[in-house]
There are 2 protein chains.
Amino acid sequence: MKYSEFLKLIPDSKIDICRAAFLEHKDKIQIKKEAVVIKNLEKIFDATLKIGVSKGFQAMTMRDLSAGSGLSMGALYSYFSSKDEILSVYLGQGRKIVKQVLEAFLVKENDPVAKLETVIQIHLFLTEKMHQWFYFSYMEAKNLNPEEMEKSIQSELYTEKLVSDILIEGYKKNIFKDGDHVLGASVIKAMLQDWYLKRGKYARRKIGVDHYAQFIMAFVSAFYLV
Amino acid sequence: MKYSEFLKLIPDSKIDICRAAFLEHKDKIQIKKEAVVIKNLEKIFDATLKIGVSKGFQAMTMRDLSAGSGLSMGALYSYFSSKDEILSVYLGQGRKIVKQVLEAFLVKENDPVAKLETVIQIHLFLTEKMHQWFYFSYMEAKNLNPEEMEKSIQSELYTEKLVSDILIEGYKKNIFKDGDHVLGASVIKAMLQDWYLKRGKYARRKIGVDHYAQFIMAFVSAFYLV
DNA sequence: TAAAATAGAACAAATGCTCGTTATTTCTTG
DNA sequence: CAAGAAATAACGAGCATTTGTTCTATTTTA
């Protein structure tokens, strides 16, 4: 699959995140009308991402966010009860989308090689589409409270397990070589993460996501295909 | 080479960093006696690393640092003129050590395969020994001023170039396959970085640095060896 | 005892958050 | 369908606290 095809197949993640955040936090948000909430959550999350990526969440002040989102301090606090809550909710909702999309695409495949290619591609495509969110999530996870941080770690391990399960299945079907598949998955994950952690570098070198996906698949295949 | 052997071959990086920092900033540091400076720089850097890794440099206050290092606020400011300067100096000195050690080991090798193995091993061993420094450096680089940030990026690209040069040399000698060696080096770098970015995960799984180095070498060899 | 090093109170600026007020939208009623 | 009333949303100055930094007083060292 090409990235361009992928884009056509998935809904707009931005609005999804805002709608889901509203539904899940309806009781905490002091604003009642859905349309208003979604419109402003989008402003808040957009500004959080923009400022957060450029100077870090800790360094972002509520005044920065107010200026960036176009909402007053007071308005911000009628959507979220604290600065930290913005981070928690935003990262939490993003994680859900990631899980949903990955599973939706993986369920279509049966062959281990196709599954491996799919998980590599879709992970890269997702991180391409939401690259700022991923970068932000990676860099700011340590600023979350312990339980939210745990969720973040679990989310990482979940993706890794998707990969290691595929490797193990492939080995059992005599398609992949034997080996430490957990460590293998870990290393593959590292390569996938590099795509959004070093976005600027790859852009400067004019390496696109389709090319990167194909390269990673070749790299991994060389080691695992029998 | 094993990590245990590596450790015997290199001097204590902690004291090296402090001594180098003193020599280079003698004029800026208001304290005159070298022994005093080095003793206290070590306390300051240790505390910076400890607090910085756990809560991030931005969130670390000078009072945290004062408590953590056992020095008063006044004392801290007779070693550094600002909080940011601590970060700049510490990261800068660390980068120097990394460069020195990598080059010292690489110069001993001639064969591309041996060079590749060396750069993988030494990079991993260095990041094992200084893993907190590397993690801290990676996470806080974006909080540096533009010129220091540029140095940080250059330092990353330098390591990558070490790898890509080896791959290209190996290709010219018909030992390695053809391909996009810059992209290859980039991906190898990502795997190397994972070692210190996910230190906790590997520790929990009881995977040691020697085993990880051997795995990465096998992974890379499968793709590159003709 | 003079120089060097450290201490920690004091200061201005900045920060997260609150709360009384104002503006806007929606509903009610003659 | 007005126009007043009620509900909802947005505003932003102000509060207590915390922050990086400075400065003078004190202690330590040689």
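All conditions but one from (1) open to solvent by 80 Å² or more (accessible area, probe 1.4 Å); (2) modelled with pLDDT of 90 or more; (3) not small (Gly, Ala, Ser) apply to residue A:14; the one that does not is (2). Is it true that residue A:124 is under 29 Å from residue A:2 (Cα atoms), hydrophobic (A, V, I, L, M, F, W, C) and in contact (Cβ under 8 Å) with a residue 24 or more places away in the chain? It is true that residue A:124 is under 29 Å from residue A:2 (Cα atoms), hydrophobic (A, V, I, L, M, F, W, C) and in contact (Cβ under 8 Å) with a residue 24 or more places away in the chain.
Within the stretch A:135-150, track down each residue that is surrounded by 16 or more Cβ atoms within 10 Å (Cβ to Cβ) and in a helix (DSSP H, G or I).
Taking the stretch A:135-150 as the starting set, the residues that turn out to be surrounded by 16 or more Cβ atoms within 10 Å (Cβ to Cβ) are A:135-141, A:143-144, A:148.
Matches in the stretch A:135-150: A:135, A:136, A:137, A:138, A:139, A:140, A:141, A:143, A:148.
Out of B:163, B:107, B:113, report the one residue that is of a type in the set (A, V, I, L, M), out of contact with any strand residue (DSSP E or B) (no Cβ under 9 Å at 6 or more places or on another chain), modelled with pLDDT of 95 or more and open to solvent by 30 Å² or more (accessible area, probe 1.4 Å).
Exactly one residue qualifies, and that residue is B:107.
Picking from residues in the stretch B:53-65 that are more than 16 Å from residue A:55 (Cα to Cα) and within 14 Å of another protein chain (Cβ to nearest Cβ), the one that is most open to solvent (accessible area, probe 1.4 Å) is B:54.
One line per residue, one yes/no per condition, for (1) assigned to a helix (DSSP H, G or I); (2) under 18 Å from residue A:21 (Cβ atoms); (3) away from chain B (no Cβ under 14 Å):
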residue: A:67; (1), (2), (3): yes, no, yes
residue: A:88; (1), (2), (3): yes, yes, yes
residue: A:109; (1), (2), (3): no, no, yes
residue: A:122; (1), (2), (3): yes, no, yes
residue: A:133; (1), (2), (3): yes, yes, yes
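Among the residues of the stretch B:102-121, those that are in contact (Cβ under 8 Å) with a residue 12 or more places away in the chain and among the β-branched types (Val, Ile, Thr) comprise B:113, B:118, B:119, B:120.
Based on this model, can you work out whether residue B:181 counts as away from every other protein chain (no Cβ under 13 Å) and within 29 Å of residue A:156 (Cα to Cα)? No; evaluated as a whole, the condition is false for this residue. Checking each residue in the stretch B:151-178 for being outside any helix (DSSP H, G or I) and away from every other protein chain (no Cβ under 13 Å) picks out B:173, B:174, B:175.
Restricting attention to the stretch B:135-147, the residues that are away from chain A (no Cβ under 12 Å) and within 21 Å of residue B:216 (Cβ to Cβ) add up to 1. How do the pairs read when you match residues in the stretch A:207-220 that are away from chain B (no Cβ under 11 Å) with residues anywhere that are among the polar types (S, T, N, Q) and open to solvent by 40 Å² or more (accessible area, probe 1.4 Å), using Cβ under 9 Å and keeping only pairs 6 or more apart or on different chains? Hits for this filter: A:210/A:4.
Taking residue B:75, is it within 16 Å of DNA strand C (Cβ to nearest atom), over 22 Å from residue A:139 (Cα atoms) and not in a loop (DSSP other than H, G, I, E, B)?
yes
Please find, among A:83, A:33, the residue that is within 14 Å of another protein chain (Cβ to nearest Cβ) and either within 11 Å of DNA strand C (Cβ to nearest atom) or in contact (Cβ under 8 Å) with a residue 60 or more places away in the chain (or both). Before you say what the answer is, go through the steps one by one.
Values: A:33 fails: within 14 Å of another protein chain (Cβ to nearest Cβ).
Within the list A:83, A:33, the selection yields A:83.
When every residue of the stretch B:36-46 is checked against the conditions, none turns out to be within 30 Å of residue B:200 (Cα to Cα), away from DNA strand C (no atom under 13 Å from the Cβ) and of a type in the set (Val, Ile, Thr). Just one of the listed residues (A:38, A:44) is of a type in the set (Val, Ile, Thr), assigned to a helix (DSSP H, G or I), within 15 Å of DNA strand D (Cβ to nearest atom) and free of Cβ contacts under 8 Å to residues at least 40 places away in the same chain, namely A:38.
The values are calculated or read from the model by the stated rules, or taken from the named source; none is laboratory data. Note that this is a predicted model, so its numbers are computed, not measured. Using ideal geometry, Cβ is built from the backbone for each residue, glycine included, and neighbour counts are taken over all protein chains shown. Only protein heavy atoms, including side chains, enter the accessible area calculation; ligands, DNA and RNA are left aside. Shrake-Rupley method; radii C 1.70, N 1.55, O 1.52, S 1.80 Å.
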